[in-house]
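Presented below is the structure to which this report refers.
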Amino acid sequence: MNQVQLGHSELRVTPICLGTMTFGEQVDEATSHSILSRSLERGVNFIDTAEMYSVPARAETFGATETIIGNWFAKNPGAREKLVVASKVAGPARGMPWVRNGSADLTGAEITAACEDSLKRLQTDVIDLYQIHWPARHVPAFGNVYFDPEKDLPVAPIHEQLDAMARLIKAGKIRAVGLSNETPYGVHEFVRLAEQHGLPRVATVQNPYCLVNRTVENGLDETMYRLGVSLLAYSPLGFGLLTGKYDASGTTGPDAPQGARIARYESVRKQRWGRNEALVAARRYNALARAHGLTPTQLALAFCYTKWQVASTIIGVTTVAQLDEDLDVWGTTLSAEVLAEIDKIRWELRDPAQ
């Protein structure tokens, strides 16, 4: 895999990134370490985590994923230097009182404190890409579709957040800045203020992008293209919907794959990935894959791996075998006929996991 540059930063990464939010919940520490080692062995130089992980978020596992990665670094001298490490500071607590005592904001001071804590858990001196996990201001995200001005509350200004990031860069604690779950307005505002005040320019936006959620293509892709900001695509397999494992049995009931994320966690079934409309759409895409001699996983990942909008696709796995399967899809191309069929399905069913 050729490496790609993230935005205007000096970071160069592989077009596949290892996501780690399962570490500490679905995946124990020993297996997590095996996955990290295998990913590095296969040539992936990019890993993504967050202070909030593992997922589903619980007070007991807050920071667990970073701790697991830090322990792996300690056991594997030299591994840290081979990797670009991305982490995230959580936005306003949003029902998670264990995040900064339930803060409804994300101030500059909170960003600084969260970064210090992540550095300790990761057992490293620097985080290469430090991202704001979700905006402090009200935005329609995580399954919400409409912007509601009445939900807009006073929060720390973006300028203050960028100032904090600038201080962290000057102190050598982070190298570049990213956003996550952002809107076109948010990306424009972060870039505008950075250029106006000589502050760090965001390099990336990490947003959902997959066959059942292509909302990036509803304007955000143009914003990122024209401003030189790179997309990190998360949930390319739609939380497992696009692997085909739920096709026969659905996401509930005795025949559902009980170890899989949507079937295992009621909280996930209540979110966008658990919508019946998302399952209906996924079954259509999975059937399309099989009709053309592909596995559902191959179709879904090849779609992300080859789209011009995507700089790096974040894959999340629970076993080494899953990791190898996902990495082996690299190099698979989709015919013009298949791509046209994908667009026909989207035109009919739109983005049910938005």
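Read the figures in this text as sums done on the coordinates, not as results from a lab. Keep in mind the model is a prediction, meaning the values are calculated, not measured. Neighbour counts are summed over all protein chains in view; Cβ atoms, including those assigned to glycine, are modelled from backbone coordinates with ideal geometry.
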To one decimal place, what Kirkwood hydrodynamic radius in Å is obtained for the stretch 118-219 from all pairs of distinct Cα atoms? 14.9 Å
Report the paramagnetic label zone for W347: residues of the stretch 275-309 whose backbone N is under 17 Å from a point 7 Å from Cα along the Cα-to-Cβ axis. 285
Quick one: if you stick a label point 7 Å off each Cα along the C-beta vector at K270 and Q3, how many nm between them? 4.3 nm
Packing-wise, with mean Cβ within 10 Å as the measure, how do 102-109, 140-147 rank, highest first? 102-109, 140-147
Considering only DSSP beta bridges where both residues belong to the stretch 143-286, give the percentage that are antiparallel (nearest 5). 10 percent
Which cross-chain or sequence-distant (5 or more) residues have an amide H under 5 Å from the amide H of S180, H modelled 1.01 Å from N in plane? I132, Q206
Structure-derived Cα extents along the principal axes in Å - corresponding label in [x] 54, 48, 39; [y] 69, 51, 39; [z] 64, 45, 44: [x]
Whole-Hz Karplus couplings 3J(HN,Hα) for the stretch 202-212, θ = phi - 60° and coefficients 6.51, -1.76, 1.60, Gly and Pro as x, run 4, 8, 9, 10, 9, 10, x, 7, 6, 4, 9
Give a quick list of GluC sites (Glu not before Pro) in the stretch 304-354 that DSSP marks as loop, anything other than H, G, I, E or B, with at most 11 other Cβ atoms within 10 Å. none
Suppose R0 equals 22 Å; then what is the FRET efficiency for A171 and K82 from their Cβ-Cβ distance, rounded to the nearest 0.05? 0.40
Tell me, what HN-Hα J-couplings in whole Hz come from the Karplus equation 6.51 cos²θ - 1.76 cosθ + 1.60 at θ = phi - 60° for each residue of the stretch 73-82, using x for Gly and Pro? 4, 5, 7, 10, x, x, 5, 4, 5, 8
Which entries of K88/K173; K88/K120; K88/K307; K75/K173; K82/K173 have Cα-Cα distances beyond 19 Å here? K88/K307; K75/K173
For helix 184-197, report the angle its Cα long axis makes with the longest principal axis of the Cα atoms of the chain; keep it between 0 and 90° and round to the nearest 10°. 30 degrees
For the stretch 32-93 and the stretch 252-275, what is the separation of their C-alpha centers, rounded to whole Å? 24 Å
Nearest-ten-degree value, helix 336-349 long axis tilted from longest Cα axis of the chain: 80 degrees
Projecting the Cα atoms of Q309, P254, T20 onto the charge dipole of the chain, where Lys and Arg contribute +1 and Asp and Glu -1 at Cβ, the residue farthest towards the positive end is P254
Full extension between A59 and F142 adds, at 0.36 nm per residue less the Cα distance, a length in nm of 27.9 nm
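L227: net charge of surrounding residues, Cβ under 15 Å, Lys/Arg +1, Asp/Glu -1, itself excluded?
Taking every Cβ under 15 Å from that of L227, the sum is -2.
Could you work out the helix-only [θ] at 222 nm for the chain, with each DSSP H run of four or more residues adding -39,500 (n - 2.57) and the total divided by the number of residues, to the nearest 500 deg cm²/dmol?
Per the formula, -11500 deg cm²/dmol.
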Mean Cβ-within-10 Å packing, highest first, puts peptides 246-253, 129-136, 258-265, 212-219 in the order 129-136, 212-219, 258-265, 246-253
Roughly what angle does helix 29-41 make with the longest principal axis of the chain, taking Cα atoms, 0 to 90 degrees, to the nearest 10? 90 degrees
